[in-house]
Amino acid sequence: MESQIVPATAEDDRNVAGGLRESMKYKEHFDAAEKANELPPGMLMAVASIESGGDPTAINADSGATGLMQFMEDTAREHGLRIDESIDERLDPVKSINAAGAELGMALLRSKGDIEQALVQYNWGAGNWGKWLNKEQGFESMPPQTASYIGKFRSALRQYQRMSDAQQVAR
């Protein structure tokens, strides 16, 4: 898969840095969801920085993905989030974080602990990932957004780790 990863650009680096700063207000919730789902530290905050730039009210006009963790309706409902004419719980940052933790935890199990494969599932969907993994779909079928996702994640995680290290030093 390494040869298929599109590295983050300087603009990607700036965007995820801004998303991390915005996401920091939910750090305790990210930490709790990571612990509950046995995810590596910083994974959920890095994903939020890529998905929504840390904005819990973000709505993707093209896909309909909504909220801090950018859930599609069906996936959100699979995780118990309510979406109807009176409420869209994808817009609740804590519920969205918890659902993303569960989704990524399941993706990690399906991918036997491979974080990057789990991220591809999160972004592209487990069904598409499975077809791609089984060579039913070629790399060219992967959307550009997914092809660049791992590079952005690596950038976000590096920046998250630097932020965490700086906070440790400041204490």
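Every number in this text was worked out from the coordinates using simple rules, so none of it is lab data. Quick caveat, the model's predicted, so the values are computed rather than measured. All Cβ positions, even for glycine, are placed from backbone atoms using ideal geometry, and neighbour counts span all protein chains on display.
Things to note:
- Among the GluC sites (Glu not before Pro) within segment 10-101, those in coil by DSSP and having at most 15 neighbouring Cβ atoms inside 10 Å are Glu38, Glu85.
- Under-5 Å amide H pairs with Phe71, H placed in peptide plane, nonlocal only: Thr66
- For segment 9-166: rounded, prolate or oblate by the Cα gyration tensor [a/c cutoff 1.5]: rounded
- Within straight-line cross-link reach of Lys27, lysines at Cα separation under 17 Å, skipping those fewer than 8 residues along the same chain: Lys35, Lys95
- For segment 152-158, backbone phi angles converted through the Karplus equation (6.51, -1.76, 1.60; θ = phi - 60°) give residue-by-residue couplings of 5, 4, 4, 4, 4, 5, 4 Hz, Gly and Pro being listed as x.
- In the elastic network of the chain, a GNM with C-alpha springs shorter than 10 Å, the most mobile of Gln117, Gln145, Gln70 is Gln145.
- Multiplying the residue separation of Ser164 and Lys112 by 0.36 nm and subtracting their alpha-carbon distance yields 16.0 nm.
- Backbone HN-Hα couplings from phi across segment 104-110 [Karplus 6.51/-1.76/1.60, Hz, Gly and Pro as x]: 5, x, 5, 5, 5, 5, 4
- Dividing the summed -39500 (n - 2.57) terms of all DSSP H runs of n ≥ 4 by the residue count of the chain sets its mean residue ellipticity at 222 nm at -18000 deg cm²/dmol.
- Largest GNM mean-square fluctuation among Pro41, Pro93, Pro144, using the chain with Cα springs under 10 Å: Pro144.
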